[in-house]
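Quick notes on the structure that follows.
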Amino acid sequence: MGSKYPRSMQCFLPLWTLVLEVALIVIFFFFTSYDTSSQDPKKLMETYRVLQDVTIMVALGFGFINSSLRRYGWSSVAFNLFLLALAVQWAVLLDGFLEQLSPKKVVIKLSSIKLATMSAMSVLISAGAVLGKTNLVQLVLMALVEVTAFDVMRMIQRKYFIKDNHVNMMHIHVFAAYFGLMVAWSFRRPLHERVMEKDQTSKSSSLFGMLGTLFLWIFWPSFNSALLLDSPNERKNAMFNTYYALAVSAVTAISVSSLAHPQGKINMNHIHNAVLAGGVAVGASCYLISSPWLAMVLGLTAGLISTGGALCLPFPHLAVGF
Amino acid sequence: MGSKYPRSMQCFLPLWTLVLEVALIVIFFFFTSYDTSSQDPKKLMETYRVLQDVTIMVALGFGFINSSLRRYGWSSVAFNLFLLALAVQWAVLLDGFLEQLSPKKVVIKLSSIKLATMSAMSVLISAGAVLGKTNLVQLVLMALVEVTAFDVMRMIQRKYFIKDNHVNMMHIHVFAAYFGLMVAWSFRRPLHERVMEKDQTSKSSSLFGMLGTLFLWIFWPSFNSALLLDSPNERKNAMFNTYYALAVSAVTAISVSSLAHPQGKINMNHIHNAVLAGGVAVGASCYLISSPWLAMVLGLTAGLISTGGALCLPFPHLAVGF
Amino acid sequence: MGSKYPRSMQCFLPLWTLVLEVALIVIFFFFTSYDTSSQDPKKLMETYRVLQDVTIMVALGFGFINSSLRRYGWSSVAFNLFLLALAVQWAVLLDGFLEQLSPKKVVIKLSSIKLATMSAMSVLISAGAVLGKTNLVQLVLMALVEVTAFDVMRMIQRKYFIKDNHVNMMHIHVFAAYFGLMVAWSFRRPLHERVMEKDQTSKSSSLFGMLGTLFLWIFWPSFNSALLLDSPNERKNAMFNTYYALAVSAVTAISVSSLAHPQGKINMNHIHNAVLAGGVAVGASCYLISSPWLAMVLGLTAGLISTGGALCLPFPHLAVGF
């Protein structure tokens with residue numbers, strides 16, 4: 001929200017966002033249509049429930065986990081919603097065009113919106129590193145560039161390397177973490193400002209941060225199994241392993257954080273992402289692991305590394321990607 | 001919470017609520033029974049999930065959206081729950097009697113509770129305008145009168161004009177907004193008091209307001225498709241269009257709010273309802289719209305009007321109905 | 001977090017938690033395997049949804065209801081998650097061993113995790129009485145002892161008295177309340193300290209408390225019907241009766257609390273659990289009650305007793321068990 005732009009110019013920046021939205025509507029008008037094939041109502045509702053779970057993770061989880069990290073608490077939540085709503089529209093179009101590689105009409109299904117929401121998540125992970133330092137138009141640019149880069153990367157992978165949609169998607173954490181670090185690097189501020197901010201973390205914003213963490217923790221098994229709808233056994237495995245990895249990384253992260261503190265207290269900045277590290281660690285392989293202990297070992301390792309990393313990394317909320 | 005009643009009398013006001021609750025139990029004893037027909041377990045769970053979504057919207061969404069608007073933060077949430085619990089009991093009875101127009105036994109199904117929760121929503125929309133100005137008995141009276149008026153209106157519509165339950169229900173926003181304005185008018189306070197209140201909005205109550213907004217945003221597609229259980233295609237359309245209208249109205253509202261502020265910041269009072277305006281705008285017609293761009297245009301228009309309206313209307317949280 | 005341990009020793013206490021976690025992984029390695037039988041995908045998702053509902057109740061509901069009661073607001077939420085993650089792992093093992101009474105491999109199903117989460121709830125109910133007075137290792141000990149006691153009690157009941165899993169589980173409230181009182185008794189502090197704490201309840205922590213209460217209120221019908229998956233009719237009855245009992249106890253609790261206050265205001269400490277008392281009251285019998293009025297009478301009675309009890313009991317959040 002810097003003062004680098006003259007006031008008159010800054011006033012008109014959000015206008016570009018509206019112009020973009022109108023442009024999106026025009027593209028939707030010419031190039032999209034709803035899927036009109038009649039569908040099994042049970043399967044429709046099943047897809048809707050998974051979409052709902054992913055939306056809860058993204059809108060509530062990432063919204064509130066970021067709210068505790070920066071001064072601009074509540075506007076983080078609003079910007080998070082803004083980025084989600086915009087990125088989903090763009091990702092639906094992009095997925096459609098890249099799927100068929102021709103400018104035919106894109107047929108929108110409920111599962112397209114589900115996939116688009118998962119792509120949009122990459123923007124929201126990265127946004128955690130830059131919220132409070134950027135204006136609306138910079139955020140919009142970041143959203144468009146990042147979704148495009150992530151979707152093109154997934155398309156290339158699908159074509160030449162790994163066919164599996166699920167595995168491609170699970171690179172999201174690494175991709176978003178590096179992208180976010182890169183963007184944050186170009187918007188970095190002097191150190192003393194950042195230190196001052198940290199002192200302003202109040203009790204109630206910590207609780208909001210925990211609220212976000214819990215939403216992510218609860219709905220992570222849905223996320224990790226969201227693209228495995230075809231095989232019930234793979235899906236069951238994905239749920240089981242994600243659950244166990246998360247449970248162990250929660251126990252590990254809270255123990256290690258308490259161990260590192262002289263009075264045995266917990267540092268919230270350590271555990272926010274360390275609690276979730278288990279879910280990230282089993283992400284790509286969760287449908288293949290066949291015993292609980294393997295998922296638990298991964299959760300333990302991820303929890304240890306992530307809590308350790310949070311002690312030294314400048315952007316602890318990006319540690320989730322490593 | 002005025003001082004217009006003598007202390008001794010005010011002490012006994014809540015007693016009337018208990019008497020009313022006992023009266024409701026007696027009516028339930030004589031006039032209701034559960035639906036005992038054996039049912040498809042899959043359909044039962046489906047109805048339960050929709051009921052749960054609507055309850056989350058009403059209890060968490062409206063509870064917390066109102067909490068940020070008035071001084072009586074947490075008691076707004078409690079009064080919201082109180083009104084919901086009472087209005088649902090009354091609406092189940094009323095729906096049953098008006099359906100059959102005879103004092104036979106009312107058979108209660110899970111779908112009756114779903115319908116009653118949606119009727120009760122009218123009370124909670126209106127309550128936003130009067131919370132903090134009324135005592136418990138005045139709220140109870142408002143709940144009973146409003147649910148009765150809304151249910152009778154729907155019954156007359158169903159009988160003489162529009163058969164469709166879904167379309168009747170979607171008039172709820174307009175009805176509740178006008179009813180709320182009317183009630184608020186009769187409880188209005190001097191202006192300077194209201195201005196003082198506004199200054200007390202703190203960062204953490206803004207975050208609670210955003211929490212309520214997000215719950216409404218996420219579960220609105222469930223609400224708009226809740227009465228379209230019979231036709232999977234209409235249901236799918238309703239979900240799609242509500243989703244797109246909400247996405248566009250979120251982008252629009254946040255952009256316009258940022259445009260109106262000299263430093264490009266967002267005013268939370270603008271966006272609370274403007275974000276949701278898209279869902280209201282496509283409410284009645286969502287199952288008929290066949291292309292995404294039409295829902296997006298409605299979302300854009302609703303977002304523009306609603307954010308504009310929030311700048312001048314005295315009760316911005318009622319703007320959702322227009 | 002007392003100063004009774006020397007600093008050097010206290011540093012190493014959380015290490016024991018890590019050792020325990022590693023030991024659990026070793027036990028899982030030798031004695032468990034996932035259920036590999038192919039399953040009906042619809043039934044799998046149904047179980048997953050119920051597990052999700054119970055996890056939301058336990059992680060968000062109990063997490064935030066406790067956050068408003070003690071000084072250590074946000075760390076309550078973190079400790080709650082910690083206890084949940086640990087107790088579920090232990091309960092899955094214990095349920096498996098006690099089921100077969102032999103050290104064969106335990107087969108883990110999604111429904112085992114559901115059952116384990118419900119057992120873990122006993123720890124979280126009791127934890128409300130001791131959070132902020134105990135260190136991590138004391139909490140871990142409490143979790144292990146309480147889950148073991150509760151599971152053995154349920155096993156004995158299942159073997160010699162009541163076969164029904166549902167009824168056994170519903171003794172959880174009484175069990176956890178007495179267990180919590182017992183533990184709290186041994187950690188009691190001088191009275192004047194406790195009085196000081198109470199004054200520190202701020203508006204925003206009250207809102208977090210209401211958030212927890214609402215999550216419990218909304219998902220309680222899922223909890224009461226979670227073990228009745230075989231009979232759709234019993235399940236429907238359980239949902240209906242829990243819903244009506246909760247609705248009436250919410251109305252009653254808020255009315256009585258308002259009646260007890262000279263200006264008709266509501267005391268949050270009264271209503272937190274009184275609102276939920278209806279759900280506890282119909283817990284064991286909810287699938288047998290065949291008319292709404294009976295559930296409503298139970299809800300009214302429970303609401304009256306619970307609000308009354310909150311006026312004199314030292315641990316109002318345990319009143320839910322009576």
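The values are calculated or read from the model by the stated rules, or taken from the named source; none is laboratory data. Please read all numbers here as calculations on a predicted model, not as lab measurements. In this analysis, Cβ positions are derived from the backbone assuming ideal geometry, glycine residues included, and neighbour counts consider all displayed protein chains. Heads up: the accessible areas ignore ligands, DNA and RNA and are worked out on the full protein's heavy atoms, side chains in. Shrake-Rupley method; radii C 1.70, N 1.55, O 1.52, S 1.80 Å.
Between copies, the label points at B:W185 (set 7 angstrom from Cα along Cα-to-Cβ) are spaced 6.2, 6.2 nm, reported in nanometres from shortest to longest.
Beyond a 20 Å Cα-Cα separation, which of these cross-linked pairs lie in this structure: B:K43/B:K105; A:K236/C:K42; B:K42/C:K236; A:K109/B:K163? Could the numbers behind the result be given before it?
Details: B:K43/B:K105 24 Å; A:K236/C:K42 12 Å; B:K42/C:K236 12 Å; A:K109/B:K163 30 Å.
Violating the 20 Å limit, Cα to Cα: B:K43/B:K105; A:K109/B:K163.
Distances between copies of B:S231, taken at a point 7 Å out from Cα along the Cα→Cβ vector and listed shortest first: 3.9, 3.9 nm.
Karplus-derived 3J(HN,Hα) values for the stretch C:277-283, using 6.51 cos²θ - 1.76 cosθ + 1.60 with θ = phi - 60°, are 4, x, x, 5, 4, 8, x Hz; glycine and proline are entered as x. Given the stretch B:33-172, report the % of alpha carbon pairs whose separation exceeds 20 Å. In whole percent, the share of Cα-Cα pairs in the stretch B:33-172 beyond 20 Å is 50.
Convex hull volume per residue, computed on the Cα atoms of the stretch B:87-145, equals 81 Å³. Extending 7 Å from the Cα toward the beta-carbon at both C:D164 and B:K105 defines two label points whose distance is 2.2 nm. Across identical copies of the chain, C:L144 has label-point separations of 5.8, 5.8 nm, listed in ascending order, with the point defined 7 angstrom from Cα along Cα→Cβ.
Counting every pair of alpha carbons in the stretch A:239-290, the share spaced more than 17 Å apart comes to 38 percent. Among the trypsin sites (Lys or Arg not before Pro) within the stretch B:92-180, those in coil by DSSP and having at most 12 neighbouring Cβ atoms inside 10 Å are B:K104, B:K105, B:K163.
Listed values for the stretch C:144-157 are Karplus-derived 3J(HN,Hα) couplings in whole Hz (6.51 cos²θ - 1.76 cosθ + 1.60, θ = phi - 60°), namely 5, 5, 5, 4, 4, 4, 5, 5, 5, 4, 5, 5, 4, 4, and x replaces Gly and Pro. Average partner chain C-beta neighbours within 10 Å, per residue of B:284-295? Mean number of neighbouring Cβ atoms from other chains: 3. The H on the amide N of C:I108, modeled in the peptide plane, is under 5 Å from the matching H of C:S33, C:Y34, C:D35, each at least 5 residues off or on a different chain.
Taking only the Cα atoms of the stretch A:20-99, the ratio Rg/Rh comes out at 1.07, with Rh defined as the Kirkwood radius.
How many Å² of accessible surface get buried when C and A come together, counting both sides, probe radius 1.4 Å, rounded to the nearest 100? All intermediate terms of the calculation are to be shown ahead of the outcome.
Working: alone 16250 and 16250 Å², together 27450 Å².
Heavy-atom accessible area buried at this interface is about 5000 Å².
Scalar couplings 3J(HN,Hα) for the stretch A:41-58, obtained by applying the Karplus form with A = 6.51, B = -1.76, C = 1.60 to θ = phi - 60°, are x, 5, 5, 4, 5, 4, 4, 4, 5, 5, 4, 4, 4, 5, 5, 4, 3, 6 Hz; x denotes Gly and Pro. Here the stretch A:88-117 is scanned for amide nitrogen atoms under 14 Å from the site 7 Å beyond the Cα of A:K43 along Cα-to-Cβ, giving A:109-112.
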